[in-house]
Amino acid sequence: MRSKVVWRNLILGVVLVLMVQAGVFAQETISISFNNGPREGDVVAETLIGNRIKRFNEVYPHIKVNPDPWQYDPQSFVVKMAGGTATDIIGVFATEVAGIIDNGFAADITEYVKQWEYFDSLSAAALEPAMRDGRIYAIPVGAYVMGLYYNKKLFREAGIVDEFGEAKPPETWEEFVEAALKLTDRSKNRAGFGIMGRGAQAGWQFLNWAWQAGGDFEVYEDGKWKAVFDREPVVEALRFLQELRWTYDVLQPNTMVEAEGVFPLIASEQVAMAFLTPEWIPIVVRKYGGNLEDVGLAPLPAGPAGRANQMGGGYAIVNPSIPPEKQAAAVKWILWEFDPLEYEHALQDRLALDELVGLPDSPIFVGELQEIRAALVEKYRNVPDFPKYVQAAPLYVRPEPPFFAQQLYNEALAPVVEAVLTNPFADPEALLRDAAVQFQRRFLDQLNN
(Lines give C-alpha, C1' and ligand atoms only; values in the text may rest on other atoms or scores of the structure.)
Protein backbone atom coordinates (compact mmCIF):
# COMPACT_ATOMS: atom_id res chain seq x y z
CA MET A 1 0.00 0.00 0.00
CA ARG A 2 2.82 2.32 0.96
CA SER A 3 4.61 1.72 -2.34
CA LYS A 4 1.45 2.66 -4.24
CA VAL A 5 1.26 5.96 -2.40
CA VAL A 6 4.93 6.67 -3.13
CA TRP A 7 4.47 5.92 -6.81
CA ARG A 8 1.30 7.99 -6.97
CA ASN A 9 3.04 10.99 -5.38
CA LEU A 10 6.00 10.57 -7.71
CA ILE A 11 3.75 10.51 -10.75
CA LEU A 12 1.83 13.54 -9.51
CA GLY A 13 5.11 15.36 -8.97
CA VAL A 14 6.26 14.63 -12.49
CA VAL A 15 2.91 15.77 -13.87
CA LEU A 16 3.09 18.99 -11.91
CA VAL A 17 6.60 19.73 -13.19
CA LEU A 18 5.47 19.12 -16.77
CA MET A 19 2.43 21.36 -16.27
CA VAL A 20 4.56 24.16 -14.87
CA GLN A 21 6.98 23.85 -17.78
CA ALA A 22 4.06 23.97 -20.17
CA GLY A 23 2.83 27.18 -18.56
CA VAL A 24 -0.38 25.72 -17.18
CA PHE A 25 0.19 27.57 -13.90
CA ALA A 26 1.65 30.72 -15.45
CA GLN A 27 0.58 33.95 -13.81
CA GLU A 28 -2.33 35.71 -15.41
CA THR A 29 -1.22 38.57 -17.65
CA ILE A 30 -1.74 42.02 -16.18
CA SER A 31 -1.85 44.98 -18.55
CA ILE A 32 -0.94 48.48 -17.35
CA SER A 33 -0.62 51.81 -19.16
CA PHE A 34 1.27 55.00 -18.44
CA ASN A 35 1.06 58.51 -19.85
CA ASN A 36 3.78 60.90 -21.10
CA GLY A 37 4.92 58.13 -23.43
CA PRO A 38 6.88 58.73 -26.64
CA ARG A 39 5.21 60.95 -29.15
CA GLU A 40 4.84 59.73 -32.71
CA GLY A 41 8.12 59.95 -34.58
CA ASP A 42 10.29 60.33 -31.48
CA VAL A 43 12.62 57.45 -32.31
CA VAL A 44 14.98 58.07 -29.38
CA ALA A 45 12.20 58.03 -26.78
CA GLU A 46 10.61 54.99 -28.40
CA THR A 47 13.92 53.11 -28.27
CA LEU A 48 14.65 54.03 -24.66
CA ILE A 49 11.18 53.04 -23.47
CA GLY A 50 11.14 49.92 -25.62
CA ASN A 51 14.42 48.72 -24.13
CA ARG A 52 13.20 49.42 -20.61
CA ILE A 53 10.00 47.46 -21.17
CA LYS A 54 11.97 44.56 -22.63
CA ARG A 55 14.22 44.37 -19.58
CA PHE A 56 11.23 44.74 -17.25
CA ASN A 57 9.50 41.81 -18.92
CA GLU A 58 12.53 39.61 -18.41
CA VAL A 59 11.78 39.91 -14.68
CA TYR A 60 8.01 40.39 -14.83
CA PRO A 61 6.85 38.50 -17.96
CA HIS A 62 3.22 38.57 -16.83
CA ILE A 63 3.00 42.40 -16.79
CA LYS A 64 2.30 44.00 -20.15
CA VAL A 65 3.30 47.69 -20.21
CA ASN A 66 1.61 50.08 -22.65
CA PRO A 67 2.94 53.62 -23.19
CA ASP A 68 0.38 56.30 -23.97
CA PRO A 69 1.46 59.55 -25.68
CA TRP A 70 -1.06 61.61 -23.68
CA GLN A 71 0.93 64.41 -22.03
CA TYR A 72 -0.39 65.44 -18.66
CA ASP A 73 -2.07 68.80 -18.16
CA PRO A 74 -4.58 69.73 -15.44
CA GLN A 75 -7.54 70.20 -17.79
CA SER A 76 -7.28 66.95 -19.74
CA PHE A 77 -6.49 65.08 -16.51
CA VAL A 78 -9.82 65.99 -14.94
CA VAL A 79 -11.69 65.11 -18.14
CA LYS A 80 -9.98 61.74 -18.45
CA MET A 81 -10.47 60.84 -14.80
CA ALA A 82 -14.14 61.76 -14.97
CA GLY A 83 -14.61 59.79 -18.18
CA GLY A 84 -12.68 56.73 -17.03
CA THR A 85 -10.13 57.05 -19.84
CA ALA A 86 -7.04 57.99 -17.84
CA THR A 87 -4.01 55.72 -17.91
CA ASP A 88 -3.23 53.42 -14.99
CA ILE A 89 -0.07 55.36 -14.14
CA ILE A 90 -0.15 59.12 -14.48
CA GLY A 91 2.87 61.38 -14.37
CA VAL A 92 1.86 64.78 -12.95
CA PHE A 93 3.47 68.13 -12.15
CA ALA A 94 4.75 68.61 -8.62
CA THR A 95 2.48 71.65 -8.35
CA GLU A 96 -0.59 69.48 -8.88
CA VAL A 97 0.11 66.49 -6.69
CA ALA A 98 -1.36 67.94 -3.47
CA GLY A 99 -4.69 68.80 -5.09
CA ILE A 100 -4.84 65.49 -6.91
CA ILE A 101 -4.36 63.56 -3.68
CA ASP A 102 -6.80 65.70 -1.72
CA ASN A 103 -9.48 65.23 -4.39
CA GLY A 104 -9.20 61.45 -4.27
CA PHE A 105 -7.60 61.01 -7.69
CA ALA A 106 -4.60 58.99 -6.44
CA ALA A 107 -4.60 55.45 -5.04
CA ASP A 108 -3.11 54.67 -1.64
CA ILE A 109 0.01 52.75 -2.66
CA THR A 110 1.69 52.64 0.74
CA GLU A 111 2.00 48.88 1.06
CA TYR A 112 3.39 48.44 -2.44
CA VAL A 113 5.98 51.20 -2.10
CA LYS A 114 7.18 50.11 1.33
CA GLN A 115 7.95 46.64 -0.05
CA TRP A 116 10.59 48.17 -2.34
CA GLU A 117 14.08 47.29 -1.15
CA TYR A 118 15.27 50.89 -1.59
CA PHE A 119 12.29 52.52 0.10
CA ASP A 120 14.44 54.00 2.88
CA SER A 121 16.54 55.76 0.22
CA LEU A 122 13.67 57.98 -0.90
CA SER A 123 14.32 61.54 0.21
CA ALA A 124 11.93 62.55 2.99
CA ALA A 125 11.65 66.03 1.46
CA ALA A 126 10.71 64.60 -1.93
CA LEU A 127 8.24 62.11 -0.45
CA GLU A 128 6.53 64.52 1.97
CA PRO A 129 4.17 66.18 -0.58
CA ALA A 130 2.99 62.69 -1.60
CA MET A 131 1.89 61.68 1.90
CA ARG A 132 -1.23 62.15 3.98
CA ASP A 133 -1.46 60.88 7.56
CA GLY A 134 1.49 58.58 7.03
CA ARG A 135 0.08 57.06 3.84
CA ILE A 136 1.74 57.30 0.40
CA TYR A 137 -0.25 58.40 -2.63
CA ALA A 138 2.48 59.29 -5.15
CA ILE A 139 6.11 58.57 -5.98
CA PRO A 140 8.60 61.34 -6.80
CA VAL A 141 10.18 60.67 -10.20
CA GLY A 142 12.37 63.70 -10.82
CA ALA A 143 13.27 67.22 -9.73
CA TYR A 144 15.01 70.25 -11.23
CA VAL A 145 16.31 73.68 -10.25
CA MET A 146 16.08 76.65 -12.62
CA GLY A 147 19.43 77.90 -13.86
CA LEU A 148 20.91 80.68 -15.97
CA TYR A 149 22.11 79.47 -19.37
CA TYR A 150 24.93 81.55 -20.82
CA ASN A 151 26.96 81.14 -24.00
CA LYS A 152 30.57 80.89 -22.89
CA LYS A 153 31.97 81.75 -26.31
CA LEU A 154 29.90 84.91 -26.63
CA PHE A 155 30.85 85.93 -23.09
CA ARG A 156 34.55 85.59 -23.90
CA GLU A 157 34.14 87.54 -27.13
CA ALA A 158 32.39 90.33 -25.18
CA GLY A 159 35.14 90.38 -22.56
CA ILE A 160 32.86 89.19 -19.75
CA VAL A 161 35.50 86.98 -18.15
CA ASP A 162 37.17 86.27 -14.82
CA GLU A 163 40.87 86.62 -13.98
CA PHE A 164 41.57 83.34 -15.80
CA GLY A 165 39.90 84.47 -19.00
CA GLU A 166 36.91 82.18 -18.50
CA ALA A 167 33.32 83.29 -19.09
CA LYS A 168 31.93 84.93 -15.95
CA PRO A 169 28.15 84.67 -15.47
CA PRO A 170 26.44 87.62 -13.73
CA GLU A 171 26.00 87.46 -9.97
CA THR A 172 23.44 90.28 -9.55
CA TRP A 173 20.71 92.06 -11.50
CA GLU A 174 23.12 94.94 -12.08
CA GLU A 175 25.76 92.61 -13.55
CA PHE A 176 23.04 90.86 -15.54
CA VAL A 177 21.97 94.12 -17.21
CA GLU A 178 25.58 95.10 -17.86
CA ALA A 179 26.30 91.73 -19.47
CA ALA A 180 23.08 91.75 -21.50
CA LEU A 181 23.92 95.19 -22.91
CA LYS A 182 27.40 94.05 -23.96
CA LEU A 183 26.07 90.86 -25.53
CA THR A 184 23.24 92.47 -27.49
CA ASP A 185 24.25 93.09 -31.10
CA ARG A 186 21.41 93.95 -33.43
CA SER A 187 23.72 93.83 -36.47
CA LYS A 188 24.06 90.10 -35.76
CA ASN A 189 20.42 89.73 -34.74
CA ARG A 190 21.62 88.86 -31.23
CA ALA A 191 19.86 89.59 -27.95
CA GLY A 192 21.56 89.56 -24.58
CA PHE A 193 18.68 87.67 -22.96
CA GLY A 194 16.00 85.40 -24.39
CA ILE A 195 12.74 85.57 -22.49
CA MET A 196 9.74 83.24 -22.53
CA GLY A 197 7.13 85.95 -22.63
CA ARG A 198 3.95 84.14 -23.60
CA GLY A 199 1.64 81.68 -21.90
CA ALA A 200 2.09 79.68 -18.73
CA GLN A 201 5.88 79.58 -19.08
CA ALA A 202 6.01 83.37 -18.90
CA GLY A 203 4.23 83.27 -15.55
CA TRP A 204 6.24 80.27 -14.37
CA GLN A 205 9.60 81.92 -14.99
CA PHE A 206 8.43 85.23 -13.52
CA LEU A 207 8.40 83.50 -10.12
CA ASN A 208 12.19 83.80 -10.01
CA TRP A 209 12.30 87.54 -10.66
CA ALA A 210 9.62 88.21 -8.06
CA TRP A 211 11.33 86.13 -5.37
CA GLN A 212 14.68 87.78 -6.12
CA ALA A 213 13.01 91.15 -5.56
CA GLY A 214 11.66 89.96 -2.20
CA GLY A 215 8.08 89.23 -3.25
CA ASP A 216 5.80 86.22 -3.08
CA PHE A 217 2.52 84.97 -4.52
CA GLU A 218 0.44 83.08 -1.94
CA VAL A 219 0.80 83.45 1.82
CA TYR A 220 -1.23 82.30 4.81
CA GLU A 221 -2.12 85.41 6.85
CA ASP A 222 -4.70 85.91 9.57
CA GLY A 223 -6.12 82.43 9.04
CA LYS A 224 -6.60 82.84 5.28
CA TRP A 225 -4.72 82.24 2.06
CA LYS A 226 -4.04 85.53 0.31
CA ALA A 227 -2.77 86.55 -3.11
CA VAL A 228 0.10 88.95 -2.41
CA PHE A 229 1.66 89.48 -5.81
CA ASP A 230 0.26 93.00 -5.97
CA ARG A 231 2.79 94.14 -3.37
CA GLU A 232 5.76 96.37 -4.17
CA PRO A 233 8.55 93.75 -4.55
CA VAL A 234 6.59 91.91 -7.27
CA VAL A 235 5.72 95.22 -8.92
CA GLU A 236 9.44 96.03 -8.91
CA ALA A 237 10.21 92.69 -10.59
CA LEU A 238 7.62 93.24 -13.31
CA ARG A 239 8.90 96.74 -13.86
CA PHE A 240 12.39 95.30 -14.28
CA LEU A 241 11.16 93.02 -17.08
CA GLN A 242 9.54 96.03 -18.72
CA GLU A 243 12.87 97.88 -18.54
CA LEU A 244 14.72 94.94 -20.07
CA ARG A 245 12.40 95.25 -23.06
CA TRP A 246 11.97 99.00 -23.48
CA THR A 247 14.74 100.79 -21.58
CA TYR A 248 17.71 98.47 -22.03
CA ASP A 249 16.43 96.76 -25.22
CA VAL A 250 18.27 93.47 -24.55
CA LEU A 251 15.49 90.98 -25.40
CA GLN A 252 14.84 89.15 -28.66
CA PRO A 253 12.53 91.02 -31.10
CA ASN A 254 9.66 88.55 -30.69
CA THR A 255 9.12 88.09 -26.98
CA MET A 256 5.75 86.35 -27.42
CA VAL A 257 7.22 82.86 -27.41
CA GLU A 258 7.45 79.90 -25.06
CA ALA A 259 10.44 77.59 -24.57
CA GLU A 260 10.33 76.08 -28.06
CA GLY A 261 10.64 79.59 -29.46
CA VAL A 262 13.76 80.35 -27.42
CA PHE A 263 15.65 77.07 -27.93
CA PRO A 264 16.55 77.66 -31.60
CA LEU A 265 17.65 81.22 -30.77
CA ILE A 266 20.03 79.84 -28.15
CA ALA A 267 21.39 77.22 -30.54
CA SER A 268 22.00 79.77 -33.32
CA GLU A 269 23.64 82.32 -30.98
CA GLN A 270 20.80 84.79 -31.39
CA VAL A 271 20.38 84.71 -27.62
CA ALA A 272 23.31 84.83 -25.19
CA MET A 273 21.48 84.15 -21.89
CA ALA A 274 18.21 82.53 -20.86
CA PHE A 275 16.53 80.82 -17.92
CA LEU A 276 16.76 77.06 -18.48
CA THR A 277 16.29 73.84 -16.57
CA PRO A 278 19.10 71.30 -17.18
CA GLU A 279 16.70 68.90 -18.89
CA TRP A 280 16.26 71.46 -21.69
CA ILE A 281 19.93 71.47 -22.67
CA PRO A 282 19.61 68.28 -24.79
CA ILE A 283 16.84 69.96 -26.78
CA VAL A 284 19.07 72.93 -27.54
CA VAL A 285 22.03 70.70 -28.45
CA ARG A 286 20.45 67.66 -30.11
CA LYS A 287 17.28 69.05 -31.67
CA TYR A 288 18.51 72.50 -32.71
CA GLY A 289 22.24 71.90 -33.14
CA GLY A 290 23.65 74.04 -30.34
CA ASN A 291 27.31 73.61 -29.40
CA LEU A 292 27.57 71.76 -26.09
CA GLU A 293 31.05 73.19 -25.45
CA ASP A 294 29.57 76.71 -25.38
CA VAL A 295 26.85 75.87 -22.87
CA GLY A 296 27.29 77.42 -19.44
CA LEU A 297 24.90 76.96 -16.53
CA ALA A 298 24.93 79.03 -13.34
CA PRO A 299 22.63 80.04 -10.49
CA LEU A 300 20.21 82.82 -11.31
CA PRO A 301 21.50 86.32 -10.54
CA ALA A 302 20.62 87.84 -7.19
CA GLY A 303 18.01 90.57 -7.09
CA PRO A 304 17.46 93.24 -4.41
CA ALA A 305 16.48 90.51 -1.91
CA GLY A 306 19.15 87.99 -2.92
CA ARG A 307 19.17 84.77 -4.91
CA ALA A 308 16.22 82.50 -5.64
CA ASN A 309 16.10 79.52 -8.00
CA GLN A 310 12.73 77.95 -8.66
CA MET A 311 12.54 74.21 -7.91
CA GLY A 312 9.98 71.84 -9.34
CA GLY A 313 9.59 68.31 -10.57
CA GLY A 314 7.18 65.47 -11.14
CA TYR A 315 5.36 62.64 -9.40
CA ALA A 316 3.73 59.43 -10.54
CA ILE A 317 0.32 58.49 -9.21
CA VAL A 318 -1.69 55.31 -9.69
CA ASN A 319 -5.26 55.47 -10.91
CA PRO A 320 -7.48 54.63 -7.91
CA SER A 321 -10.12 53.01 -10.12
CA ILE A 322 -7.96 50.02 -11.11
CA PRO A 323 -7.94 46.79 -9.05
CA PRO A 324 -5.24 46.03 -6.44
CA GLU A 325 -3.30 43.61 -8.64
CA LYS A 326 -2.93 46.29 -11.31
CA GLN A 327 -1.95 48.87 -8.69
CA ALA A 328 0.79 46.55 -7.46
CA ALA A 329 2.01 46.03 -11.03
CA ALA A 330 1.93 49.77 -11.68
CA VAL A 331 4.15 50.48 -8.67
CA LYS A 332 6.61 47.81 -9.83
CA TRP A 333 6.91 49.60 -13.18
CA ILE A 334 7.30 53.07 -11.64
CA LEU A 335 10.08 51.90 -9.34
CA TRP A 336 11.79 49.75 -11.98
CA GLU A 337 13.72 52.67 -13.49
CA PHE A 338 15.33 53.42 -10.12
CA ASP A 339 16.85 49.96 -9.69
CA PRO A 340 20.64 50.47 -9.93
CA LEU A 341 21.13 47.82 -12.62
CA GLU A 342 18.28 49.21 -14.71
CA TYR A 343 19.60 52.74 -14.18
CA GLU A 344 22.98 51.65 -15.55
CA HIS A 345 21.34 49.96 -18.53
CA ALA A 346 19.37 53.16 -19.22
CA LEU A 347 22.58 55.23 -19.16
CA GLN A 348 24.19 52.77 -21.56
CA ASP A 349 21.17 53.07 -23.85
CA ARG A 350 21.50 56.86 -23.85
CA LEU A 351 25.18 56.68 -24.76
CA ALA A 352 24.44 54.22 -27.57
CA LEU A 353 21.94 56.72 -28.99
CA ASP A 354 24.43 59.61 -28.61
CA GLU A 355 22.25 61.23 -25.96
CA LEU A 356 23.63 63.41 -23.19
CA VAL A 357 24.56 61.78 -19.88
CA GLY A 358 25.62 63.68 -16.78
CA LEU A 359 23.47 66.81 -16.83
CA PRO A 360 22.84 68.04 -13.28
CA ASP A 361 19.62 67.19 -11.51
CA SER A 362 18.19 67.48 -8.01
CA PRO A 363 18.45 64.14 -6.19
CA ILE A 364 15.28 62.47 -4.94
CA PHE A 365 17.29 59.80 -3.14
CA VAL A 366 19.71 59.78 -0.23
CA GLY A 367 22.33 57.44 1.19
CA GLU A 368 23.78 54.45 -0.62
CA LEU A 369 21.36 54.47 -3.55
CA GLN A 370 22.17 58.09 -4.34
CA GLU A 371 25.89 57.33 -4.10
CA ILE A 372 25.48 54.43 -6.53
CA ARG A 373 23.54 56.60 -8.98
CA ALA A 374 26.10 59.41 -8.78
CA ALA A 375 28.96 56.97 -9.41
CA LEU A 376 27.17 55.54 -12.45
CA VAL A 377 26.64 59.01 -13.88
CA GLU A 378 30.34 59.75 -13.52
CA LYS A 379 31.16 56.42 -15.18
CA TYR A 380 29.12 57.25 -18.28
CA ARG A 381 29.30 61.06 -18.32
CA ASN A 382 29.70 62.60 -21.78
CA VAL A 383 28.96 66.23 -20.87
CA PRO A 384 31.03 68.75 -18.92
CA ASP A 385 30.31 69.39 -15.28
CA PHE A 386 28.67 72.68 -14.26
CA PRO A 387 30.29 73.37 -10.88
CA LYS A 388 28.91 76.90 -10.37
CA TYR A 389 25.38 75.65 -10.83
CA VAL A 390 25.77 72.34 -8.98
CA GLN A 391 27.35 73.94 -5.92
CA ALA A 392 25.30 77.11 -5.56
CA ALA A 393 21.87 76.70 -7.16
CA PRO A 394 20.50 74.17 -4.61
CA LEU A 395 21.34 76.57 -1.78
CA TYR A 396 18.71 79.07 -2.90
CA VAL A 397 15.84 76.91 -4.07
CA ARG A 398 12.22 77.99 -3.70
CA PRO A 399 9.33 75.57 -4.27
CA GLU A 400 6.48 76.51 -6.54
CA PRO A 401 3.36 78.05 -4.99
CA PRO A 402 1.30 75.43 -3.12
CA PHE A 403 -2.16 76.06 -4.60
CA PHE A 404 -3.51 76.57 -8.13
CA ALA A 405 0.00 77.06 -9.49
CA GLN A 406 -0.89 76.34 -13.12
CA GLN A 407 -3.79 78.78 -12.95
CA LEU A 408 -1.47 81.32 -11.36
CA TYR A 409 1.02 80.99 -14.20
CA ASN A 410 -1.40 80.86 -17.08
CA GLU A 411 -4.33 83.02 -16.03
CA ALA A 412 -2.89 85.54 -13.57
CA LEU A 413 0.78 86.12 -14.36
CA ALA A 414 1.10 85.40 -18.08
CA PRO A 415 -1.19 88.29 -19.14
CA VAL A 416 0.69 90.84 -17.03
CA VAL A 417 4.09 89.69 -18.31
CA GLU A 418 2.78 89.80 -21.88
CA ALA A 419 1.40 93.29 -21.27
CA VAL A 420 4.68 94.87 -20.12
CA LEU A 421 6.63 93.19 -22.91
CA THR A 422 4.31 94.49 -25.63
CA ASN A 423 3.40 97.92 -24.23
CA PRO A 424 6.01 100.37 -22.90
CA PHE A 425 3.23 102.33 -21.19
CA ALA A 426 1.64 99.39 -19.37
CA ASP A 427 1.28 100.00 -15.63
CA PRO A 428 2.85 97.08 -13.68
CA GLU A 429 1.21 98.13 -10.42
CA ALA A 430 -2.29 98.29 -11.88
CA LEU A 431 -1.84 95.05 -13.81
CA LEU A 432 -0.75 93.11 -10.75
CA ARG A 433 -3.41 94.66 -8.53
CA ASP A 434 -6.19 93.56 -10.87
CA ALA A 435 -4.63 90.13 -11.40
CA ALA A 436 -4.29 89.50 -7.66
CA VAL A 437 -7.91 90.48 -7.01
CA GLN A 438 -9.15 88.10 -9.69
CA PHE A 439 -6.89 85.26 -8.58
CA GLN A 440 -8.02 85.67 -4.99
CA ARG A 441 -11.68 85.67 -5.94
CA ARG A 442 -11.56 82.82 -8.45
CA PHE A 443 -9.14 80.48 -6.70
CA LEU A 444 -7.74 81.21 -3.25
CA ASP A 445 -11.12 82.06 -1.76
CA GLN A 446 -12.05 78.42 -2.40
CA LEU A 447 -9.52 77.51 0.31
CA ASN A 448 -10.93 80.02 2.75
CA ASN A 449 -14.60 79.03 2.68
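The values are calculated or read from the model by the stated rules, or taken from the named source; none is laboratory data. Being a predicted model, the structure only gives us computed values, none of them experimental. We place every Cβ from the backbone using ideal geometry, glycine too, and count neighbours over all the protein chains shown. For accessibility, only protein heavy atoms count, side chains too; no ligands or nucleic acids. Shrake-Rupley method; radii C 1.70, N 1.55, O 1.52, S 1.80 Å.
From the backbone phi of segment 271-286, what are the Karplus-calculated ³J(HN,Hα) couplings (6.51 cos²θ - 1.76 cosθ + 1.60, θ = phi - 60°) in whole Hz, Gly and Pro given as x?
9, 9, 9, 6, 7, 9, 8, x, 5, 7, 4, x, 5, 4, 7, 7
Segment 112-191 to segment 75-91: how many Å between their Cα centroids?
First find each Cα centre; the distance between them is then 31 Å.
Restricting the count to DSSP beta bridges whose residues both fall in the chain, what percent are antiparallel, rounded to a multiple of 5?
Roughly 70 percent of the DSSP beta bridges within the chain come out antiparallel.
Going down the list LYS114/LYS326; LYS182/LYS287; LYS152/LYS388; LYS114/LYS379; LYS152/LYS379; LYS80/LYS332, which pairs span over 21 Å between their C-alpha atoms?
LYS182/LYS287; LYS114/LYS379; LYS152/LYS379; LYS80/LYS332
Short version: ³J(HN,Hα) in whole Hz for each residue of segment 111-127, in order, from phi by Karplus 6.51 cos²θ - 1.76 cosθ + 1.60 (θ = phi - 60°), x for Gly and Pro, what are they?
Taking θ as phi minus 60°, the curve returns 5, 5, 5, 5, 6, 5, 5, 9, 3, 5, 8, 5, 4, 4, 5, 6, 7 Hz for segment 111-127.
I'd like to know which of GLY215, GLY192, LEU300 lies farthest towards the positive end of the charge dipole of segment 181-325, counting +1 on Cβ of Lys and Arg and -1 on Cβ of Asp and Glu.
It is GLY192, whose Cα lies furthest towards the positive end.
Under 5 Å between amide H atoms, partner at least 5 residues away or on a different chain: which partners does GLU400 have, H built in plane at 1.01 Å?
Distant-sequence amide H within range of GLU400: MET311.
Mind ranking VAL97, VAL44 by accessible surface for me, highest first, 1.4 Å probe?
VAL44, VAL97
How large is the accessible surface of PHE105 in square angstrom, using a 1.4 angstrom probe and rounding to the nearest 10?
For PHE105, the solvent-accessible surface is approximately 60 Å².
For TYR380 and THR110, calculate 0.36 nm times their separation in residues minus their Cα-Cα distance, and state this gained length in nm to one decimal.
In short, 93.8 nm is gained.
Read phi for every residue in segment 424-438 and hand back ³J(HN,Hα) as whole Hz from Karplus 6.51 cos²θ - 1.76 cosθ + 1.60, θ = phi - 60°, with x for Gly and Pro.
x, 9, 4, 9, x, 5, 5, 4, 6, 4, 5, 5, 5, 4, 5
Return the distance in nm (one decimal) between the two label points of a simple spin-label model at GLU260 and ARG39, each offset 7 Å from Cα along Cα→Cβ.
0.5
Using Cα positions and a limit of under 17 Å, work out the aspartates and glutamates in reach of LYS168, with same-chain residues fewer than 8 apart set aside.
GLU157, GLU178, GLU293, ASP294, ASP385
State the extension gain, in nm to one decimal, for the chain segment bounded by TYR220 and GLU337, taking 0.36 nm per residue of separation less the distance between their alpha-carbons.
38.3 nm
Would you be so kind as to identify which of ALA352, GLY165, ILE372 lies farthest towards the positive end of the dipole of the chain, taking Lys and Arg as +1 and Asp and Glu as -1 on Cβ and the Cα centre as origin?
My answer, from the dipole projection, is ALA352.
Rounded to the nearest 10 degrees, what's the angle between the helix 43-59 long axis and the longest principal axis of the chain, both from Cα atoms, 0 to 90?
Relative to the chain, helix 43-59 is tipped by roughly 30 degrees.
Taking Rg/Rh (Cα atoms, Kirkwood Rh) as the quantity of interest, determine which of (i) 1.05; (ii) 1.02; (iii) 1.14 was computed from the displayed structure.
Identified label for the calculated read-out: (i).
Can you give me the long-range amide H partners of VAL219? Hydrogens built in the peptide plane at 1.01 Å from N, cutoff under 5 Å, separation of 5 or more residues or another chain.
Amide H to amide H, under 5 Å and 5 or more residues apart or across chains, VAL219 pairs with LYS226, VAL228.
Using a Förster distance of 25 Å, how high is the FRET efficiency between ASP73 and ARG442, based on the Cβ-Cβ distance and rounded to 0.05?
Computed FRET efficiency for ASP73 and ARG442 comes out at 0.85.
Just how large is the dipole of segment 86-160 about the Cα centre, in debye to the nearest 20, putting +1 at every Lys and Arg Cβ and -1 at every Asp and Glu Cβ?
580
For the full complex of protein chains and a 1.4 angstrom probe, list LYS54, LYS152, LYS224 by accessible area with the highest value first.
The most accessible residue leads, giving LYS54, LYS224, LYS152.
Take each of the peptides 411-418, 365-372, average the number of other beta-carbon atoms within 10 Å over its residues, and list them starting from the highest.
Taking the mean over residues of other Cβ atoms within 10 Å, the ranking is 411-418, 365-372.
Which aspartates and glutamates does LYS224 reach when only Cα atoms under 20 Å apart count, and residues fewer than 8 places away in its own chain are ignored?
ASP102, ASP216, GLU400, ASP434, ASP445
Roughly how much of LYS114 is accessible, in Å² to the nearest 10, using a 1.4 Å probe?
110
May I ask you to compute the full-extension gain from THR247 to ASP133, defined as 0.36 nm times their residue separation minus their alpha-carbon distance, rounded to one decimal in nm?
35.8 nm
Note down the magnitude of the dipole of the chain about its Cα centre, charges +1 on Lys and Arg C-beta and -1 on Asp and Glu C-beta and zero elsewhere, to the nearest 20 debye.
So the dipole magnitude of the chain works out to roughly 1280 debye.
Projecting each Cα onto the charge dipole of the chain (Lys/Arg +1, Asp/Glu -1 at the beta carbon, about the Cα centre), which of VAL228, GLN446, VAL177 comes out farthest on the positive side?
Farthest towards the positive end: GLN446.
Give me, ordered by chain and number, the residues 5 or more places off VAL250 or on other chains with an amide H under 5 Å from its own placed amide H.
Long-range HN contacts for VAL250: none found.
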